[in-house]
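Asker: To start, I am sharing the structure in question, which I have written as structure tokens.
The values are calculated or read from the model by the stated rules, or taken from the named source; none is laboratory data. As the structure is a computational prediction, the values presented were derived from the model and not from experiment. Using ideal geometry, Cβ is built from the backbone for each residue, glycine included, and neighbour counts are taken over all protein chains shown. Areas reflect the complete protein model, heavy atoms only, side chains present, ligands, DNA and RNA absent. Shrake-Rupley method; radii C 1.70, N 1.55, O 1.52, S 1.80 Å.
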Amino acid sequence: MSKDVVKVDEFEALAKKKMPKMAFDYYASGAEDEYTLQQNRDAFSRIRLRPRILVDVSSVNTSTTVLGFRIAMPIMVAPAALHKLAHPEGEVATARAVSAADTIMILSTTSSCSMEEVAAAAPGVRFFQLYVYKDRQISQHLVRRAEDAGFSALVLTVDTPRLGRREADLKNNFTLPPHIANPNMEAFVKHDKKERNGSSMLASWADKLFDRSLSWKDVKWLKSITKLPIILKGILNGEDAILAVQAGAAGIMVSNHGARQLDYVPPTISILEEVVKAVGGQVPVFVDGGIRRGTDVFKALALGASGVFVGRPSVFGLAVDGEAGVKKMLEMLRDELERTMTLMGVCSVDQISRHHVETEHEYNNGCNCSHHMHSKL
Ligand SMILES: Cc1cc2nc3c(=O)[nH]c(=O)nc-3n(C[C@H](O)[C@H](O)[C@H](O)COP(=O)(O)O)c2cc1C
Ligand SMILES: CCCCC(=O)C(=O)O
């Protein structure tokens with residue numbers, strides 16, 4: 001149970017005790033050497049906070065607006081495949097918890113509950129994450145269903161022409177347990193064990209279905225078949241961020257897919273500012289990867305993010321205590337953000353600024369940039 005949990009990170013160890021090894025490893029692991037997985041966390045610990053004092057913080061408000069939707073906090077739930085590996089109620093339980101926390105959930109294409117079930121689970125704003133298949137009719141149909149089910153935006157994942165090499169899944173010979181469905185994938189692949197070539201079941205399904213030819217022109221194609229705003233998820237530098245804006249993206253998610261795709265890419269928080277500067281306020285920039293603390297959320301906002309997403313904490317919370325676990329995880333992050341804001345001397349999310357953080361470069365070398373007054377003495 002999650003009653004005694006005091007910080008988000010604790011859910012992982014508890015989930016490990018509860019979950020079958022194959023499922024836990026699939027959730028927890030990253031690509032290859034897991035360098036980026038470690039860095040996603042470490043990079044946050046290298047950023048320091050610069051609190052301001054004697055500000056009246058008797059009233060602190062964590063609410064914000066994302067794509068025009070008012071939500072209770074700038075903390076949202078990233079798309080993750082197969083929530084039923086964590087809990088029998090799967091994405092339906094997650095959706096209820098996210099709804100209760102008054103924030104936004106992105107449902108994965110590779111969910112274990114159907115999007116209609118999730119839409120019916122609870123009120124609330126939800127986005128649909130899209131993997132584009134070679135067979136565009138399938139993708140077009142998924143988009144139509146998402147629209148009909150009331151999803152408010154599409155999140156196009158652009159870092160996955162094929163799955164990264166997750167060696168834990170190879171060792172475990174990852175296979176979907178027979179009682180868990182993956183409705184948007186398994187209907188379109190043949191169950192032929194011989195074709196797996198030693199890869200995990202999901203990697204082999206991705207090989208069969210995902211369209212590796214996906215390119216900028218396809219963002220235009222997607223825009224031509226839907227009126228929903230499109231967020232591009234998986235951008236890792238300023239150049240691609242500029243192209244994304246030019247292609248008509250309504251938002252950008254700086255993401256390395258929780259370090260599950262290409263190892264040795266930078267931790268997301270270290271490149272957020274580059275992307276924010278390139279975009280120049282034309283569209284909101286979001287970030288995910290390694291966010292486990294209210295201070296992490298604060299740092300991301302100070303570096304220009306309009307909001308953050310959490311991946312593993314949601315599925316680990318779900319594994320530990322179902323809907324209540326996800327709710328507790330989100331409450332803890334919100335409470336930590338509120339306390340951080342209070343101790344930092346800011347009363348609302350829009351008051352969080354670049355002045356409130358310093359990067360390793362800044363505190364090691366002194367900083368003569370305009371947003372900090374200190375120099376090295
Ligand atoms: C188990 C798992 C499954 C995931 N499935 C998807 C997916 O289906 N689509 C997608 O775009 N991202 C997927 N992601 C990546 C997340 O959306 C997100 O980018 C990442 O988990 C953020 O890092 P964090 O786990 O450190 O918070 C998945 C991540 C995990 C851990
Ligand atoms: C083919 C399923 C992909 C799910 C995913 O994106 C992940 O495991 O990171």
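Asker: Scan the range 269-277 and tell me whether some residue there is open to solvent by less than 10 Å² (accessible area, probe 1.4 Å), of a type outside the set (A, V, I, L, M, F, W, C), closer than 21 Å to residue 36 by Cα and in contact (Cβ under 8 Å) with a residue 24 or more places away in the chain. I'd like the intermediate steps shown before the answer.
Answerer: The initial filter retains those residues of the range 269-277 that are open to solvent by less than 10 Å² (accessible area, probe 1.4 Å), namely 269, 272, 275.
Imposing the further condition that a residue be of a type outside the set (A, V, I, L, M, F, W, C) reduces the set to none.
Within the range 269-277 (the criterion being open to solvent by less than 10 Å² (accessible area, probe 1.4 Å), of a type outside the set (A, V, I, L, M, F, W, C), closer than 21 Å to residue 36 by Cα and in contact (Cβ under 8 Å) with a residue 24 or more places away in the chain), the answer is no, since none of the residues qualifies.
Asker: So how many residues does the range 148-175 have that are buried (at least 16 other Cβ atoms within 10 Å of the Cβ), more than 12 Å from ligand 2 (Cβ to nearest atom) and among the small types (Gly, Ala, Ser)?
Answerer: 3
Asker: Next question, about the same structure. Among all residue pairs at least 6 apart or on different chains, which show Cβ distances below 6 Å where the first residue, located in the range 215-237, is over 12 Å from residue 285 (Cα atoms) and the second is among the hydrophobic types (A, V, I, L, M, F, W, C) and within 16 Å of ligand 2 (Cβ to nearest atom)?
Answerer: 228/154; 230/154; 230/156
Asker: Might you let me know whether the range 134-147 holds any residue that is over 18 Å from the mean Cα position of the chain (by Cα) and under 27 Å from residue 12 (Cα atoms)?
Answerer: If we filter the range 134-147 for residues that are over 18 Å from the mean Cα position of the chain (by Cα), which is where we start, we get 134-147.
Pick out the ones that are also under 27 Å from residue 12 (Cα atoms) and you get none.
No, the range 134-147 has no match at all.
Asker: Being farther than 26 Å from residue 139 by Cβ and charged (D, E, K, R) narrows it down to one residue among 263, 240; which is it?
Answerer: Details: 240 fails: farther than 26 Å from residue 139 by Cβ.
The unique qualifying residue is 263.
Asker: Determine the pairs where a residue that is away from ligand 1 (no atom under 12 Å from the Cβ) and open to solvent by 70 Å² or more (accessible area, probe 1.4 Å), located within the range 24-45, has a partner that is part of a helix (DSSP H, G or I) and among the hydrophobic types (A, V, I, L, M, F, W, C) with Cβ atoms under 9 Å apart, the partner being 6 or more residues away or on another chain.
Answerer: Listed pairs, sorted by first residue: 35/259.
Asker: Go through (1) under 16 Å from residue 230 (Cβ atoms); (2) under 23 Å from the mean Cα position of the chain (by Cα); (3) more than 16 Å from ligand 1 (Cβ to nearest atom) one by one and return the number of the condition residue 130 breaks.
Answerer: Here residue 130 clears every test but (3).
Asker: Can you say whether residue 145 is in contact (Cβ under 8 Å) with a residue 24 or more places away in the chain and open to solvent by less than 30 Å² (accessible area, probe 1.4 Å), as far as the supplied structure shows? Working first, answer last.
Answerer: Working: in contact (Cβ under 8 Å) with a residue 24 or more places away in the chain: yes; open to solvent by less than 30 Å² (accessible area, probe 1.4 Å): no.
No: the conditions fail for residue 145.
Asker: Which one of these is over 14 Å from residue 206 (Cα atoms) and open to solvent by 60 Å² or more (accessible area, probe 1.4 Å): 178, 79? Give the derivation first.
Answerer: Numbers: 79 fails: open to solvent by 60 Å² or more (accessible area, probe 1.4 Å).
Sole residue among the options that is over 14 Å from residue 206 (Cα atoms) and open to solvent by 60 Å² or more (accessible area, probe 1.4 Å): 178.
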